[in-house]
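Report on one structure; see the data block that follows.
The values are calculated or read from the model by the stated rules, or taken from the named source; none is laboratory data. Quantities reported herein were computed from a predicted structural model and do not represent experimental measurements. When we count neighbours, we look across all protein chains shown, and the Cβ atoms used for this are built from the backbone with ideal geometry, even at glycine.
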There are 2 protein chains.
Amino acid sequence: MHQLRRLTFTAIVAFFSFPLLAASNVITNEQKQTANDLIETALKSDLGMDIVTSLTTEIGPRLGGSEAEKRARDWGVKLGERLGFDNVSIEPFTMPFWDRGHLHISLTSPYQQDLYGTALGGGAPSKESIDADVVYFRDIHALSDVKDGSLSGKIAFVDGDKMVKSQTGAGYGQANQRRRIGWQHAQRGGASALVVRSVGSDSHRFPHSGMMSKDGDKWADIPVIAISNPDADHLRRLHGLSKPISLSLHSESKWKGEVKSGNVVLDLVGSEKPEEIVLIGGHLDSWDLGTGAVDDGAGVAITTAAAALIANLPTRPKRTIRVVMFGAEEVGLLGAFAYAKQHDANLQNHVLATESDFGAQTIWQLVSNVNPEATLLMDEVGKILSPLGIVRGGSDVPGGGPDIIPLAKKGVPTIRLNQNGQDYFDLHHTPDDTLDKIDPDELAQNIAAYAASIYLIADSDVALKP
Amino acid sequence: MHQLRRLTFTAIVAFFSFPLLAASNVITNEQKQTANDLIETALKSDLGMDIVTSLTTEIGPRLGGSEAEKRARDWGVKLGERLGFDNVSIEPFTMPFWDRGHLHISLTSPYQQDLYGTALGGGAPSKESIDADVVYFRDIHALSDVKDGSLSGKIAFVDGDKMVKSQTGAGYGQANQRRRIGWQHAQRGGASALVVRSVGSDSHRFPHSGMMSKDGDKWADIPVIAISNPDADHLRRLHGLSKPISLSLHSESKWKGEVKSGNVVLDLVGSEKPEEIVLIGGHLDSWDLGTGAVDDGAGVAITTAAAALIANLPTRPKRTIRVVMFGAEEVGLLGAFAYAKQHDANLQNHVLATESDFGAQTIWQLVSNVNPEATLLMDEVGKILSPLGIVRGGSDVPGGGPDIIPLAKKGVPTIRLNQNGQDYFDLHHTPDDTLDKIDPDELAQNIAAYAASIYLIADSDVALKP
């Protein structure tokens with residue numbers, strides 16, 4: 001039905017606004033042939049898999065602001081040079097560095113059992129070990145009702161439900177509340193620490209890390225620890241048995257001052273309108289528990305490989321294609337904000353932006369947020385992507401990916417090639433985010449879709465801005 | 001074809017050896033009705049799930065010889081009393097205690113990255129941290145060829161392949177070699193430590209623990225560490241890139257002297273031949289990383305619940321049904337050997353033995369190793385189990401389960417209700433062996449099969465020994 005609405009809308013727009021432009025004219029037969037050739041080449045190529053293998057194996061975990069992230073930038077520069085990009089650079093920025101440090105958390109009553117937990121991003125250290133009774137909260141709503149000072153000397157545990165799985169990742173926002181703002185209520189209640197059921201759709205014994213939200217410009221003064229779904233189930237059952245629950249925890253997580261990070265920028269300079277930029281990318285940093293294969297080595301590999309295939313064409317497309325490997329995304333979109341600020345003067349030249357940052361499963365939908373004429377172009381792009389199992393979705397879907405948000409806010413048009421996220425939150429921010437989780441065929445489908453669509457947009461004369 | 005062979009064999013035996021005994025006579029209509037009623041009751045009952053929930057939640061991890069295993073024995077006694085067993089006792093034995101202690105293992109060259117590892121059972125401590133270059137061996141065969149003293153000052157890493165998945169668990173024995181005997185070759189080579197690809201069929205970032213084999217009566221003098229499949233993949237890729245690999249590891253695992261353990265024995269005393277014992281059971285201990293839900297909380301729950309359903313019948317079956325919750329199975333079948341020794345004088349009265357120790361997935365096959373007349377009985381039992389999706393398998397399959405091996409060696413007849421082990425080695429000996437992995441319906445199917453078959457055998461006059 002949504003689909004039907006879109007088609008009707010498009011037909012109306014086509015009839016009333018642009019009667020002279022037949023849909024078939026926005027893409028030439030030659031462009032169409034080139035796009036199909038790119039798809040064919042991408043599906044046979046190992047380049048994307050080679051890139052994500054190299055990044056995860058030769059660099060490994062690369063927390064925003066870390067020495068490993070710096071090595072990743074150098075890796076990105078070398079990769080860009082090797083793949084024949086015209087301009088390759090690092091755009092540095094500074095950022096505050098949060099370090100996870102060591103954590104130990106265990107159940108001490110009704111008996112001793114180690115728990116599988118990890119500090120949440122932005123959390124404070126425990127100084128020494130905290131040994132305290134637990135106050136159980138069924139969900140974030142119950143914790144939100146806590147009275148000021150009523151948790152003094154206690155550890156708060158906020159349960160909740162396992163994140164709902166979906167193709168779109170729709171369960172994330174709701175589940176994420178306990179991770180984002182739980183600490184504000186626990187701290188207001190006077191708790192010594194907060195333990196939360198981590199935000200993930202799996203039943204594995206991995207805690208999911210992730211950043212908390214600031215309260216204004218203040219981070220938590222207490223340790224905040226996520227425990228795995230099976231561990232949270234365990235505490236829930238003990239609570240159900242009316243067993244007194246106590247925990248012992250020691251966390252070294254803390255802020256460590258300003259450090260350097262940066263975005264890696266790789267350009268294929270346009271042959272006719274080099275000043276017009278079609279921006280694609282992923283983020284180079286990862287959480288430190290895994291090796292950042294699906295989040296977001298895959299996105300870096302998909303977009304870099306897609307651009308590299310376009311670089312192999314006999315001529316450059318008309319517009320510049322820019323691949324940005326954003327730094328420090330996980331810890332607050334810091335590279336994205338730095339990019340938007342550093343390029344503020346010429347954002348009007350960014351004709352489109354999109355990011356791949358939702359794993360490595362197949363793309364199933366193309367959505368866009370561009371002007372009506374450009375919507376017709378996207379409809380035609382959608383037809384070319386259709387054999388890849390991709391359906392055309394909404395033409396008024398803002399976003400484009402996390403690192404694109406600051407650009408979209410400033411009016412840069414976006415599209416998004418939506419990936420199947422059914423299994424993404426099984427792995428997201430856990431030690432289990434490793435290379436073996438990527439299916440080479442699914443990765444190649446992503447690259448085919450990016451290569452074809454980005455080529456067609458970059459080689460088009462259609463303006464995308466409203 | 002195997003099935004066909006068996007049927008033919010049975011038919012021949014029936015014709016030539018026991019022409020006067022019609023198969024239909026070995027089970028009366030009344031017994032058949034009772035067995036079917038037990039199946040119906042078991043499929044509706046929550047008892048098994050309640051038992052394994054209680055054991056994993058209220059006791060948690062319970063390493064052989066630990067304080068937690070003692071609490072588990074007390075739990076077993078209380079459970080047996082509550083469920084109406086006629087005799088409930090603990091049969092103590094002593095054993096050497098191996099403690100895992102703390103482990104830290106990380107890659108230090110070509111760059112720093114923590115690895116997910118765990119000490120293997122029987123391993124020695126590292127004293128202080130071992131920082132050394134790695135010598136890579138593709139598999140146990142390559143390590144076996146190592147020259148004496150050639151690994152001095154090095155850490156040996158023995159790779160291998162991810163364990164092959166199968167319904168029967170057939171991949172375990174082959175994969176297990178590196179865990180069992182790898183240390184003997186590494187130590188002979190003079191290595192400071194051995195790291196092995198852990199034995200599991202999953203691609204999760206969990207190391208699988210497990211016991212090593214003694215060399216005569218000697219345990220390893222070096223630390224032996226299993227790392228997860230994704231971590232082993234990582235080292236393999238680095239090796240493939242000809243990167244120099246160094247590791248840092250510190251392990252506290254060690255032997256800590258003699259401690260007490262015990263088997264919990266629950267009897268339903270037979271109404272006509274109380275001296276004849278049909279022994280079923282599982283093992284009460286677990287590895288310490290998970291909470292021992294599938295290994296072997298499930299087996300304890302299945303066999304105890306099955307016997308408890310039989311206890312609810314108006315009269316006891318003719319023979320005694322004994323549930324044994326074996327202690328210290330994981331660390332070398334210590335409870336099983338203690339039981340066989342302690343009951344040596346009356347093992348001739350153990351008419352049958354079988355154990356449930358292969359997870360909680362559905363039973364798909366009934367195999368046996370009893371005399372020809374009893375084989376006919378098992379064929380009839382098989383027909384009654386058939387609606388549960390269980391096929392009759394070989395009538396000459398020795399075993400009966402790990403803890404039954406010492407009894408089988410002394411001539412006790414066995415059967416086994418083979419479970420689907422397809423996913424068992426994804427979880428086996430890892431932190432991920434937790435309650436959420438058990439499907440209540442699959443557990444109930446197990447209990448139904450045990451209740452019906454054990455009732456029929458215990459209420460039979462057919463001798464099972466050759």
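Pairs linking a residue in region B:53-65 that is facing chain A (nearest Cβ under 9 Å) to a residue that is among the basic types (Lys, Arg), with Cβ atoms under 8 Å and 6 or more positions apart or on different chains, are B:THR53/A:ARG237; B:THR57/A:ARG237; B:GLU58/A:LYS243; B:ILE59/B:ARG71.
Please specify each residue of region B:353-385 satisfying the condition of being of a type in the set (D, E, K, R) and under 13 Å from B:VAL26 (Cβ atoms).
Residues of region B:353-385 that are of a type in the set (D, E, K, R), as a first pass: B:355, B:357, B:373, B:379-380, B:383.
Answer for region B:353-385, where residues must be of a type in the set (D, E, K, R) and under 13 Å from B:VAL26 (Cβ atoms): B:GLU373, B:ASP379, B:GLU380, B:LYS383.
Can A:ASP403 be described as acidic (Asp, Glu) and closer than 20 Å to A:GLY173 by Cα? Working first, answer last.
Details: acidic (Asp, Glu): yes; closer than 20 Å to A:GLY173 by Cα: yes.
Yes, satisfied.
Scan region B:259-278 and give yes if some residue there is of a type in the set (Gly, Ala, Ser), closer than 22 Å to B:HIS102 by Cα and away from chain A (no Cβ under 12 Å), otherwise no. Spell out the reasoning first.
Initially, region B:259-278 is screened for residues of a type in the set (Gly, Ala, Ser), giving B:261-262, B:270-271.
Applying the additional criterion that residues be closer than 22 Å to B:HIS102 by Cα yields none.
No.
Criterion applied to A:LEU443, A:LEU427 was being within 14 Å of chain B (Cβ to nearest Cβ) and in contact with a Gly (Cβ under 8 Å, 6 or more places away or on another chain), and the one residue passing it is A:LEU427. Cβ-Cβ distances below 9 Å connect no pair with a first residue in region A:248-268 that is at pLDDT below 95, a second residue that is not aromatic (Phe, Trp, Tyr), and a separation of six or more residues or different chains. I'm trying to understand the selection: among the residues of region B:68-103, which are among the acidic types (Asp, Glu) and more than 30 Å from B:LEU115 (Cβ to Cβ)? If the condition is that a residue be among the acidic types (Asp, Glu) and more than 30 Å from B:LEU115 (Cβ to Cβ), then B:ASP74, B:GLU81, B:ASP86, B:GLU91 are the ones that fit.
Taking the listed residues A:GLY399, A:GLY327, the one that is of a type outside the set (Asp, Glu), under 13 Å from the mean Cα position of the chain (by Cα) and modelled with pLDDT under 95 is A:GLY399, with no other qualifying. Taken over region A:312-346, the residue count meeting the criterion of being assigned to a loop (DSSP other than H, G, I, E, B), surrounded by 19 or more Cβ atoms within 10 Å (Cβ to Cβ) and in contact with a helix residue (DSSP H, G or I) (Cβ under 7 Å, 6 or more places away or on another chain) is 5. For region A:131-162, the candidate set comprises residues that are in contact (Cβ under 8 Å) with a residue 40 or more places away in the chain and over 25 Å from A:HIS104 (Cα atoms); within that set, the residue that is surrounded by the most Cβ atoms within 10 Å (Cβ to Cβ) is A:VAL146. A search for C-beta distances below 9 Å between a residue of region A:35-52 that is closer than 17 Å to A:ALA311 by Cβ and any residue that is modelled with pLDDT under 95 and buried (at least 23 other Cβ atoms within 10 Å of the Cβ), counting only pairs 6+ apart in sequence or on different chains, returns nothing. Screening A:LEU238, A:LEU309, A:LEU279, A:LEU266 for residues that are buried (at least 18 other Cβ atoms within 10 Å of the Cβ), outside the structural domain of A:GLN445 (by TED's automatic domain parsing) and more than 22 Å from A:GLY121 (Cβ to Cβ) leaves exactly one candidate, A:LEU238.
In region B:340-347, the condition of being more than 27 Å from B:GLN31 (Cα to Cα) and within 19 Å of the chain's Cα centre (by Cα) is met by at least one residue.
Listed here are the strands (runs of 3 or more DSSP E) enclosed by region B:75-137 that have at least 2 residues being away from chain A (no Cβ under 14 Å): B:87-99, B:130-137. Among the residues of region B:60-76, which ones are farther than 18 Å from B:PRO96 by Cα and more than 19 Å from the chain's Cα centre (by Cα)? Within region B:60-76, B:ARG71, B:ASP74, B:TRP75 meet the criteria.
When each of A:ALA301, A:ALA307 is tested for being more than 15 Å from A:ALA353 (Cα to Cα) and more than 14 Å from chain B (Cβ to nearest Cβ), the lone residue that passes is A:ALA301.
Among the residues of region B:180-214, which ones are over 27 Å from B:VAL164 (Cα atoms) and either surrounded by fewer than 23 Cβ atoms within 10 Å (Cβ to Cβ) or within 14 Å of chain A (Cβ to nearest Cβ) (or both)? Walk me through how you get there before you give the answer.
Start the filter on region B:180-214 by keeping residues that are over 27 Å from B:VAL164 (Cα atoms), which leaves B:187-192.
The answer is B:GLN187, B:ARG188, B:GLY189, B:GLY190, B:SER192.
Answer yes or no as to whether B:THR168 is out of contact with any Leu (no Cβ under 9 Å at 6 or more places or on another chain) and polar (S, T, N, Q). So B:THR168 passes the test. Filtering region A:227-246 for residues that are touching a residue at least 40 places away in the same chain (Cβ under 8 Å), away from chain B (no Cβ under 14 Å) and not polar (S, T, N, Q) leaves an empty set.
Those helices (runs of 4 or more DSSP H) of region B:368-466 in which at least 2 residues are surrounded by fewer than 24 Cβ atoms within 10 Å (Cβ to Cβ), considering only elements entirely within it, cover B:372-385, B:405-409, B:440-458.
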